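The structure under discussion appears below in the form of structure tokens.
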Amino acid sequence: MYLKKIELHGFKSFADRTEIEFEPGINAIVGPNGSGKSNITDAIRWVLGEQSIKTLRGSKLEDVIFAGSQKRKPMGMAEVSIVLDNSDYLLPLEYSEVCITRRTFRSGESEFYLNKLPCRLKDIQELFMDTGIGKDGYSIISQGEVDEFLMARPEERRLIFEETAGIMKYKVRKKEAERK
Ligand code: ATP
Ligand code: MG
């Protein structure tokens with residue numbers, strides 16, 4: 001599985017609809033300071049269901065929506081889609097390509113879509129659980145996270161190993177079953 005494409009529209013600095021295609025292997029995004037490189041990783045976290053404004057480097061929900069510039073009016077909606085190549089069927093779906101979309105308006109509500117069909121945030125979270133890719137997966141490692149892992153207490157480190165080993169899914173389901 002690999003990230004094939006990301007499409008941004010109204011997300012942070014990406015007012016115009018922007019499509020970026022990736023190839024298997026290593027891809028690099030380069031550009032001057034403030035040109036939007038980190039906004040692209042924020043978009044990936046966001047579409048995977050990130051709910052923490054702080055992690056997305058904002059101070060309020062609306063900060064993911066294009067806020068306007070000298071020449072351009074603010075936008076009312078932000079939308080991000082990612083297309084994943086799933087030809088190895090690592091994601092348990094019968095599709096060789098999986099498209100995930102998240103859309104939000106200034107009112108704050110988010111809509112999620114899986115291959116263009118509306119779904120819940122929970123469906124996205126479950127789909128990625130134990131793949132190492134979800135919002136809490138280790139496919140996105142930011143600067144501070146390396147330090148965090150090194151400084152973590154043994155119990156915290158154990159959680160990281162559990163997610164990586166693929167048993168988190170069962171722990172979450174057990175907890176849910178116990179609550180019912
Ligand atoms: P660096 O090399 O310094 O890490 P970068 O390429 O990672 O830079 P980003 O942090 O992705 O840059 O982009 C920052 C830019 O995005 C800033 O100019 C900021 O004004 C703009 N930006 C962030 N949120 C919004 C928003 N909601 N609307 C418009 N612009 C935004
Ligand atoms: Mg940056």
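Do we find a residue being more than 13 Å from ligand 1 (Cβ to nearest atom), touching a residue at least 24 places away in the same chain (Cβ under 8 Å) and surrounded by fewer than 20 Cβ atoms within 10 Å (Cβ to Cβ) anywhere in segment 8-29? So far as segment 8-29 goes, yes, one or more of its residues are more than 13 Å from ligand 1 (Cβ to nearest atom), touching a residue at least 24 places away in the same chain (Cβ under 8 Å) and surrounded by fewer than 20 Cβ atoms within 10 Å (Cβ to Cβ). When Y95 is tested against (1) of a type in the set (S, T, Y); (2) assigned to a loop (DSSP other than H, G, I, E, B); (3) under 22 Å from T41 (Cβ atoms), just one condition goes unmet, and that condition is (3). Across segment 100-125, the number of residues qualifying as in contact (Cβ under 8 Å) with a residue 12 or more places away in the chain and not small (G, A, S) comes to 15. On the stretch given as segment 142-180, residues that are at negative phi, assigned to a loop (DSSP other than H, G, I, E, B) and either surrounded by 12 or more Cβ atoms within 10 Å (Cβ to Cβ) or in contact (Cβ under 8 Å) with a residue 24 or more places away in the chain (or both) total 3. Residues in segment 98-113 that are among the basic types (K, R) and part of a loop (DSSP other than H, G, I, E, B): 1 in all. Assess whether D42 counts as being touching a Pro at 6+ places or on another chain (Cβ under 9 Å) and charged (D, E, K, R). No.
Results for (1) under 16 Å from Y2 (Cβ atoms); (2) at pLDDT 95 or above; (3) away from ligand 2 (no atom under 16 Å from the Cβ); (4) exposed (fewer than 14 other Cβ atoms within 10 Å of the Cβ), shown as yes or no for each residue.
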| site | (1), (2), (3), (4) |
| --- | --- |
| S35 | no, yes, no, yes |
| W46 | no, yes, no, no |
| S59 | no, no, yes, yes |
| I65 | no, yes, yes, no |
| Y89 | yes, no, yes, yes |
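Select from segment 1-30 the residues that are under 13 Å from A43 (Cβ atoms) and of a type in the set (A, V, I, L, M) and list them in ascending order. Correct list: L3, I6, L8, I20, I29. Once segment 168-180 is narrowed to residues that are of a type in the set (A, V, I, L, M, F, W, C) and within 17 Å of L127 (Cβ to Cβ), the residue that is modelled with the highest pLDDT is V172. Of the listed requirements (1) over 26 Å from E126 (Cα atoms); (2) not in a loop (DSSP other than H, G, I, E, B), G68 misses just one: (2).
The values are calculated or read from the model by the stated rules, or taken from the named source; none is laboratory data. Computed from a prediction, not measured in an experiment: that's the story for all the values here. Cβ sites come from the backbone with ideal geometry, for glycine too, and all protein chains shown count toward neighbours.
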